[in-house]
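The values are calculated or read from the model by the stated rules, or taken from the named source; none is laboratory data. Predicted model only: the values in this text are computed from it and were never measured. As a convention, Cβ positions derive from the backbone with ideal geometry for all residues, glycine included, and neighbour counts pool all protein chains shown.
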Amino acid sequence: MQDQLKSISKAGIPEAIAKAELYRYLNEPEEAESICRDILAVDPDHQLARRMLGLAISDQFIGAASDRYAEAQSCFQSLRDSYERLYYSGLLHERRAKLVEEAMHCFAEAEKIRPAGNDDSILRWNRCVRLLESRPDFHVERAEHSFDTADTPPITSSLRRAGGNH
């Protein structure tokens, strides 16, 4: 007999969410991801589970081609709230090999529609600015290249050679 996944109850979702959050805080994103998938199996539109799944996947990024960027992006793009879609897309760009300019664009757009009292997009924007300020070589690298939408990134960039994920 082959082992099969078991379904959790809908009544157990709040406790499962709490456990997924705890596993993320404990730096065990694979555990959090598994729990989010269990929640989404019984409630496919559960927004918090979708958001947390995208975060758990991006917590596992190591800056390699094997990073499941498209899967995390799909989680965030399926969020109903426009602010959350933009905010978490920005966070994803920031985490994905530090695509800071794209992240800052998303955070700026999210700031325009943020709920009253929610400054998360501003906090992330400021983090990106500080990252750029702390890396003067990053400014130089960005200014040296101009890409058309059809361009592809160079195979070996000085940022990759300088130390990987920035």
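Please verify whether the stretch 5-15 includes one or more residues that are within 22 Å of Leu92 (Cα to Cα), among the hydrophobic types (A, V, I, L, M, F, W, C) and either at pLDDT 95 or above or in a helix (DSSP H, G or I) (or both).
No, every residue in the stretch 5-15 fails to be within 22 Å of Leu92 (Cα to Cα), among the hydrophobic types (A, V, I, L, M, F, W, C) and either at pLDDT 95 or above or in a helix (DSSP H, G or I) (or both).
Quick check on my filter: what residues within the stretch 58-82 are in a helix (DSSP H, G or I) and out of contact with any Leu (no Cβ under 9 Å at 6 or more places or on another chain)? First the steps, then the outcome.
Keep residues of the stretch 58-82 that are in a helix (DSSP H, G or I), which gives 58-59, 69-77, 82.
Selection gives Asp59, Ala70, Ser74, Gln77, Ser82.
What about Ser134, is it in contact with a Lys or Arg (Cβ under 6 Å, 6 or more places away or on another chain) and either modelled with pLDDT of 50 or more or loosely packed, with under 11 Cβ neighbours inside 10 Å (or both)?
Details: in contact with a Lys or Arg (Cβ under 6 Å, 6 or more places away or on another chain): no; either modelled with pLDDT of 50 or more or loosely packed, with under 11 Cβ neighbours inside 10 Å (or both): yes.
No, not satisfied.
Restricting the first residue to the stretch 19-35 and requiring it to be within 18 Å of Ser7 (Cβ to Cβ), which pairs with a second residue that is among the polar types (S, T, N, Q) and surrounded by fewer than 20 Cβ atoms within 10 Å (Cβ to Cβ) meet a Cβ separation below 8 Å and a spacing of at least six or different chains?
If the second residue must be among the polar types (S, T, N, Q) and surrounded by fewer than 20 Cβ atoms within 10 Å (Cβ to Cβ), the pairs left are Glu33/Gln60.
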